[in-house]
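What follows is a short report on a single structure.
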Amino acid sequence: MSDKAILEINGQKHEFPLITGTENEVAIDVKALRGSTGGVITLDPGYKNTGSCESAITFLDGEKGILRYRGYSIEELADKADFLEVAYLLIFGELPTAEQLDKFHADIKANSVVDDDIKKIIDAFPKAAHPMGVLSSLTSALTAFNPSSVNVDSEEDMYNAIVRILGKFPVLVAWAMRKKQGLPLDYGDDSLGYVENVLKMMFKSPNKEYEQNEILVNALDKLLILHADHEQNCSTSTVRITGSSHAGLFVSLAAGISALWGPLHGGANQAVLEMLEAIKEDGGDTKKYMAKAKDKNDPFRLMGFGHRVYKNFDPRAKIIKVAADEVLSDLGVEDPILDIAKGLEKEALEDQYFVDRKLYPNVDFYSGIIYRAMGIPVEMFTVMFALGRLPGWIAQWKEMRLRKEPIGRPRQLYTGETLRSFTPIKKR
Ligand code: SDX
């Protein structure tokens with residue numbers, strides 16, 4: 001393949017270098033485009049064809065349904081690693097030794113207390129507040145109790161900010177859930193593993209001992225791994241562009257949480273359950289919802305289906321679908337919603353509209369079924385997505401800052417009014 005691209009504009013040829021990544025993806029380097037063409041830019045709403053950065057963290061191939069974190073396949077990591085190992089891998093680039101992992105976990109535990117004044121902030125929220133709004137606010141508020149900026153050139157400062165947020169975030173997740181349930185906001189247990197501690201903080205009843213359930217621990221550990229990173233998705237791009245102004249890590253994460261909340265993105269896992277519940281209420285009439293999803297005049301979309309990058313099965317959806325069966329049978333839970341989901345998936349995979357558009361189940365289609373079986377309220381589903389995505393957001397923010405990338409500031413194509421004179425209000 002040639003190492004340059006040639007663009008001809010008004011009879012003049014312009015050459016731009018081609019860059020090839022380690023997985024043989026090719027990009028046209030257009031950094032010099034505007035300058036060398038007298039102002040011509042590219043236009044690509046939603047960035048469907050535009051790379052925002054080079055990155056060494058996650059590789060995915062949407063056509064082949066491949067997902068790897070730092071070169072390790074998602075299938076191997078979901079099967080053999082635990083969430084904290086994967087968090088370390090994403091953030092620092094290598095799987096930790098046992099000693100490194102123990103120190104990482106110990107440092108996280110040492111930072112897992114949240115200033116009690118944060119409780120005054122959470123008390124101010126109505127019980128009806130959506131936990132994603134609470135979580136984004138509290139994550140931003142953490143800045144008020146911790147250094148607002150991070151000296152990324154200092155390895156120690158960067159490391160301290162990372163273990164601080166990994167220690168405090170699960171507390172905020174648990175408090176966001178317990179606030180809605182009117183339960184006391186307390187702390188975890190330093191003797192437990194990371195995921196065990198999350199479950200205990202979320203589910204511990206004030207009047208009895210909490211008993212760990214290995215099925216729930218393993219299910220949540222796997223779900224968090226599967227959600228841990230996904231290259232330049234909407235919320236990760238938000239974290240990167242917010243951090244590119246040199247805003248602090250915590251407020252960049254708060255911006256990412258807000259972006260994740262949208263039903264077209266992480267909010268889809270809640271929307272999937274609500275859709276499946278509606279179908280169940282409708283007597284299981286999946287055909288009606290399929291017709292709605294295909295009706296251009298109907299804004300309804302089949303939630304949990306389709307993906308900007310995957311034009312094949314989302315590899316995470318395949319793993320979660322198997323896990324859903326296992327968790328429900330291990331827990332002895334019969335959930336008609338799972339049968340409706342499987343029926344809907346079968347119908348969609350055989351429907352020409354979905355086949356033509358390469359719409360397959362994505363990570364959100366089955367995850368909510370497991371969360372529900374675990375007793376997690378549906379409004380907390382996207383919060384669990386954020387808990388999983390936290391190490392990916394951190395890794396991407398750190399990579400962007402360490403590479404000293406410029407502030408993100410896209411161009412636009414102006415299509416508004418040309419110059420005109422002001423008309424005094426008496427003459428309008
Ligand atoms: C996540 O990017 C990531 O990596 C995200 C994520 C991550 O880990 O960070 O993977 C997590 O966000 C998964 C996606 C969760 N969202 C949903 O499940 C919501 C439902 N899905 C869609 O809204 C949609 O598929 C998107 C938003 C996910 C992707 O939309 P695109 O890439 O912008 O595609 P598009 O809107 O251009 O759709 C192409 C065609 C259109 O039809 P035509 O105009 O060509 O006739 O497909 C149709 C769309 O109408 N279409 C759907 C559909 N998704 C796309 N039609 C019905 N139901 C759907 N779900």
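The values are calculated or read from the model by the stated rules, or taken from the named source; none is laboratory data. No experiment lies behind these values; they were computed from the predicted model shown. Don't worry about glycine lacking a Cβ; one is built from the backbone with ideal geometry, like all the others, and counts go over all protein chains shown. Keep in mind that these areas ignore ligands, DNA and RNA; they rest on the heavy atoms of the full protein, side chains included. Shrake-Rupley method; radii C 1.70, N 1.55, O 1.52, S 1.80 Å.
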Exercise. First measure r as the distance between the Cβ atoms of VAL113 and GLU8, then evaluate 1/(1 + (r/R0)^6) with R0 = 60 Å and state the FRET efficiency to the nearest 0.05.
Key: 0.45
Practice problem: May I ask you to evaluate 6.51 cos²θ - 1.76 cosθ + 1.60, the Karplus curve with θ = phi - 60°, for each residue of region 88-103 and list the ³J(HN,Hα) values in order in whole Hz, giving x for glycine and proline? | Solution: 4, 4, 5, 6, 10, x, 9, 5, x, 6, 4, 5, 4, 5, 4, 5
Quiz item: With r defined as the distance between the Cβ atoms of SER245 and LYS64 and R0 fixed at 41 Å, what FRET efficiency is calculated, to the nearest 0.05?
Solution: 0.70
Practice problem: For region 61-159, divide the Cα radius of gyration by the Kirkwood radius and give the resulting Rg/Rh value with two decimals. | Solution: 1.06
Quiz item: Rounded to the nearest whole Å², what accessible area per residue is found for region 147-208 with the 1.4 Å probe?
Solution: 40
Quiz item: If contacts are Cα pairs under 8 angstrom and at least 6 residues apart, what is the relative contact order of the chain in percent?
Solution: 20
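Kindly provide the chymotrypsin sites (Phe, Trp or Tyr not before Pro) of region 383-426 that DSSP labels as loop, not H, G, I, E or B, and whose Cβ sees at most 14 other Cβ atoms within 10 Å. Please list the in-between numbers first.
Details: sites: PHE385, TRP393, TRP397, TYR414, PHE422; in loops: TYR414, PHE422.
Here the chymotrypsin sites (Phe, Trp or Tyr not before Pro) that fit, given the DSSP loop and packing criteria, are TYR414, PHE422.
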Exercise. Name the long-range amide H neighbours of THR58: under 5 Å, sequence gap of 5 or more, or other chain; modelled H, no Pro or chain starts.
Key: ARG70, GLU231
Practice problem: Quote the relative contact order of region 139-265 in percent (integer), defining contacts as alpha-carbon pairs under 8 Å separated by 6+ residues. | Solution: 30
Exercise. Pop out the ³J(HN,Hα) list for region 387-402 in order, Karplus 6.51 cos²θ - 1.76 cosθ + 1.60 with θ = phi - 60°, rounded to Hz; leave Gly and Pro as x.
Key: 4, x, 7, 3, x, x, 4, 4, 4, 5, 5, 4, 4, 4, 6, 5
Quiz item: Which whole-Hz couplings ³J(HN,Hα) result when phi for each residue of region 204-216 is put into the Karplus expression 6.51 cos²θ - 1.76 cosθ + 1.60, θ = phi - 60°, listed in order with x for Gly and Pro?
Solution: 5, 8, x, 10, 7, 4, 8, 9, 5, 10, 4, 5, 5
Quiz item: What is the helix-to-structure angle for 155-181, meaning the angle in degrees between its Cα long axis and the longest Cα principal axis of the chain, kept from 0 to 90 and rounded to the nearest 10?
Solution: 60
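Could you sort 123-133, 160-170 so that the peptide with the highest average Cβ count within 10 Å comes first and the rest follow in order?
Highest to lowest by the protection proxy: 160-170, 123-133.
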Self-check item: Highest-fluctuation residue, ARG389, ARG411, ARG372 considered, GNM on the chain with Cα pairs under 10 Å
Solution: ARG411
Quiz item: How big is the gap, in Å, between the Cα center of region 119-182 and the Cα center of region 387-428?
Solution: 26
Quiz item: Once fully extended, how much extra length lies between LEU264 and GLU211, figured as 0.36 nm per residue of separation less the alpha-carbon to alpha-carbon distance?
Solution: 15.5 nm
Quiz prompt | Gain on full stretching of the segment that runs from TYR187 to ALA106 - 0.36 nm per residue minus C-alpha separation | solution = 27.6 nm
Exercise. Return the FRET efficiency for the residue pair TYR159, GLU334: r is the Cβ-Cβ distance, R0 is 35 Å, and the value is rounded to the nearest 0.05.
Key: 0.15
Quiz prompt | Computed [θ] at 222 nm, deg cm²/dmol, the chain (DSSP H ≥ 4; -39,500 (n - 2.57); rounded to nearest 500) | solution = -16000 deg cm²/dmol
Quiz item: How large is the convex hull of the Cα atoms of region 175-268 per residue, expressed in Å³ as a whole number?
Solution: 133
Exercise. Pop a pseudo-label 7 angstrom from the Cα along the beta-carbon direction at both GLU76 and PHE300 and give the gap in nm to one decimal.
Key: 4.4
Quiz item: If each of ARG420 and LYS342 carries a label point 7 Å out from its Cα toward its Cβ, how far apart are those two points in nm?
Solution: 6.2
